[in-house]
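First the structure, in the form of structure tokens, and then the observations on it.
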Amino acid sequence: PCGKIHKGFQTDFFSNGQSSFFVVVDNRSAILMASRVAAQVCEPCGEVPFLEGWRNKLINLASIIQMPGFPVHFKRCGIANAFGGPLGITMCYELYWEFERLLKDRRLAGLAWNWVFYHELGHTLLYHLNYPGWDNEDLADEFGAFVALLVGERDGIIATSKHFAENTSIVAAVSKIFSDDRHSLSAQRARNLYHWLAQPHDIMSRWHHQFLRNTQTAYLRRITVGNTPGWVDAEEVNGELRRRGVFQ
Ligand SMILES: [Zn+2]
Ligand SMILES: [Zn+2]
């Protein structure tokens with residue numbers, strides 16, 4: 001295809017890996033105004049195997065937490081990266097491939113990817129719900145642990161955080177990936193996460209209390225009639241249901 005490029009231009013070309021292809025940028029007509037052209041070529045990569053599952057994960061999350069409107073992008077961006085904050089969440093495929101390369105294990109790579117998503121969700125949700133400290137990394141980690149436990153991903157997240165905590169070389173490599181982070185991902189942060197997950201009661205009860213007004217009514221009804229988790233204050237939940245005009 002040919003056409004004019006104005007200012008920024010970004011595109012993805014997908015090859016089947018079998019043949020060569022060329023991208024031609026022709027700026028011969030730019031006689032007076034010289035333009036700088038930067039091109040980046042990514043290594044050929046495989047699929048992101050668990051991407052299908054995310055649709056259900058997000059639906060499940062929204063059935064528990066009243067989500068404010070923000071975009072979630074899963075895409076290639078050219079470098080391994082993840083963002084969370086005022087503009088929503090971006091998880092890039094290169095990040096998954098980087099995890100796969102470092103961890104040499106697809107299952108662990110998938111768990112690490114999930115862990116990063118919940119961390120980014122922390123930045124994003126806390127920002128949109130007007131919480132102070134939304135850009136604090138430790139707070140995003142703690143919130144990420146809370147959400148992971150809330151949706152029943154305990155074992156996977158324990159495995160991931162333990163793995164990071166015990167492998168400082170991986171931690172050092174991964175710390176370079178999170179461009180949104182003010183501080184590097186230290187082994188201490190991985191250990192914090194592992195600690196919260198191993199002894200969840202304190203953070204679960206605190207965050208559940210904080211987030212009560214941002215939960216879905218159907219979820220609150222469910223946890224008061226079914227298997228109520230130990231960290232749920234049933235009296236407080238019933239009070240919240242009454243406040244919403246729900247009597248059961
Ligand atoms: Zn990327
Ligand atoms: Zn962060």
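A short reminder: the numbers here are calculations on the coordinates, not readings from a lab. All values derive from a computational prediction rather than experimental measurement. In this analysis, Cβ positions are derived from the backbone assuming ideal geometry, glycine residues included, and neighbour counts consider all displayed protein chains.
Annotations
- When each of the peptides 68-74, 135-141, 108-114 is scored by how many other beta carbons lie within 10 Å of its residues on average, the order from highest to lowest is 108-114, 135-141, 68-74.
- Neighbour net charge for residue 241 - beta-carbon separation under 14 angstrom, K R +1, D E -1: +2
- Taking only the Cα atoms of region 98-149, the radius of gyration and Dmax are 12.5, 39 Å.
- Label zone at residue 210, where the point sits 7 Å out along the Cα-to-Cβ direction: region 234-248 residues whose backbone N lies under 15 Å: none
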